[in-house]
1. Out of curiosity, is VAL51 touching a Leu at 6+ places or on another chain (Cβ under 7 Å) and at negative phi?
2. Being of a type in the set (A, V, I, L, M) and in contact with a Pro (Cβ under 9 Å, 6 or more places away or on another chain) is true for just one of ILE61, ILE5, ILE43. Which residue is that?
3. Within the stretch 30-74, track down each residue that is touching a residue at least 60 places away in the same chain (Cβ under 8 Å) and not β-branched (Val, Ile, Thr).
4. Hey, among the residues in the stretch 1-29 that are of a type outside the set (Val, Ile, Thr) and farther than 18 Å from ASP69 by Cα, which one's nearest to the chain's Cα centre (by Cα)?
5. Got a sec? Which strands (runs of 3 or more DSSP E) wholly within the chain have at least 2 residues that are touching a Cys at 6+ places or on another chain (Cβ under 8 Å) and surrounded by 12 or more Cβ atoms within 10 Å (Cβ to Cβ)?
6. Identify all residues within the stretch 35-62 that are of a type outside the set (A, V, I, L, M) and closer than 16 Å to ARG6 by Cβ; write none if there are none.
Amino acid sequence: MSARIRLKKFGTKKRPYYRIVVMDTRAPRDGKAIEELGYYHPIEAEDKQIVFKADKVKAWIQNGATVTDTVRNILNKKNFSLK
């Protein structure tokens, strides 16, 4: 099984929020997640937009999970290094 760290969409029309999750690469976008690592709320204030568990993200990356480009950009906004 190949795991990927990506976004899972929630919310209503024009008021989205996303969870940062670990999912199987073959699973649909809003399917069942293996583990939830945090959230991204683009409408909130700047300091409340991004919350995630850095230790869990590092553990998944070390175990071979790939990160999508969008999640990589979100993590970089918080100065999180993927290496």
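1. Values: touching a Leu at 6+ places or on another chain (Cβ under 7 Å): no; at negative phi: yes.
Judged against the criteria, VAL51 is not a match.
2. On the way: ILE61 fails: in contact with a Pro (Cβ under 9 Å, 6 or more places away or on another chain); ILE5 fails: in contact with a Pro (Cβ under 9 Å, 6 or more places away or on another chain).
Testing whether each residue is of a type in the set (A, V, I, L, M) and in contact with a Pro (Cβ under 9 Å, 6 or more places away or on another chain) leaves just ILE43.
3. Residues satisfying the conditions are ASN63, GLY64, ALA65.
4. The residue in question is PHE10.
5. Details: elements: 3-12, 15-24, 35-40, 50-52.
Of the strands (runs of 3 or more DSSP E) lying wholly inside the chain, none has at least 2 residues that are touching a Cys at 6+ places or on another chain (Cβ under 8 Å) and surrounded by 12 or more Cβ atoms within 10 Å (Cβ to Cβ).
6. At the first step, the residues of the stretch 35-62 found to be of a type outside the set (A, V, I, L, M) are 35-36, 38-42, 44, 46-49, 52-53, 55-56, 58, 60, 62.
Scanning the stretch 35-62 gives GLU35, GLU36, GLY38, TYR39, TYR40, PRO42, PHE52, LYS53, LYS56, TRP60.
Only the coordinates and a few stated rules stand behind these numbers; no lab work does. Small disclaimer: the values here were computed from a predicted structure and weren't measured. Every residue, glycine among them, receives a Cβ derived from its backbone with ideal geometry; neighbour counts consider all protein chains shown.
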